[in-house]
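Structure first, then comments.
The values are calculated or read from the model by the stated rules, or taken from the named source; none is laboratory data. All figures in this text were calculated on a predicted structure; none of them were measured in a lab. Virtual Cβ from ideal backbone geometry, glycine too; neighbours counted across all protein chains shown.
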Amino acid sequence: MSKKDFLPLSNPKWSGLPLKHDVFQAIADPTRRRILMLLADEEMPIASIVERFPMSRTAVNKHLHVLSDAGLVMRQRKGRETRYRANPAPLVEVKQWVSFFERYWDEKLHSLIQYVESDEEENTERHDASPCSLPQLKRAYSNRSFGSTHSD
């Protein structure tokens, strides 16, 4: 089955009609993000989606409509069943927006590394232990693993 076989629920971006919800509004809700992740690898009927959430079928359906209005979810009828699949293409807009701000993060992190290096030199001269590991900070910068709960 190809992606062409799937149709957006309503108001597709490529139809020329204005979207009711943009991508940022759609992914702002944690439940909708979970639904997107669930649908990323496989198409699913609404009954299978509902089983994974502590809410009514109507609530899940409303979330699917918001995702569809943003072009992030598509549907296909198979007999009496409607199956849903994620369409990640509109997320490029989010990626581009975040990429724009990466330069600011990079600048701030570079300043932090310089500060820690100078502080580490001062602490070494005074024989104090540094509260922050510079190699760990540099690894985080090079791996872009900020906010990760993993520790070395």
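Residues in the stretch 22-46 that are free of Cβ contacts under 8 Å to residues at least 24 places away in the same chain and in contact with an Asp or Glu (Cβ under 8 Å, 6 or more places away or on another chain): 0 in all. Within the stretch 53-71, the set of residues being in a helix (DSSP H, G or I), among the small types (Gly, Ala, Ser) and buried (at least 18 other Cβ atoms within 10 Å of the Cβ) comprises Ser68 only.
Step by step: first the residues of the stretch 72-89, then only those that are touching a helix residue (DSSP H, G or I) at 6+ places or on another chain (Cβ under 6 Å) and at pLDDT 95 or above, then the one that is surrounded by the fewest Cβ atoms within 10 Å (Cβ to Cβ). Which residue is that?
The initial filter retains those residues of the stretch 72-89 that are touching a helix residue (DSSP H, G or I) at 6+ places or on another chain (Cβ under 6 Å), namely 72-73, 76, 84-86.
Checking which are at pLDDT 95 or above leaves us with 72-73, 84-86.
Values: Leu72: 25, Val73: 24, Tyr84: 25, Arg85: 18, Ala86: 21.
So, considering only residues that are touching a helix residue (DSSP H, G or I) at 6+ places or on another chain (Cβ under 6 Å) and at pLDDT 95 or above, the one surrounded by the fewest Cβ atoms within 10 Å (Cβ to Cβ) is Arg85.
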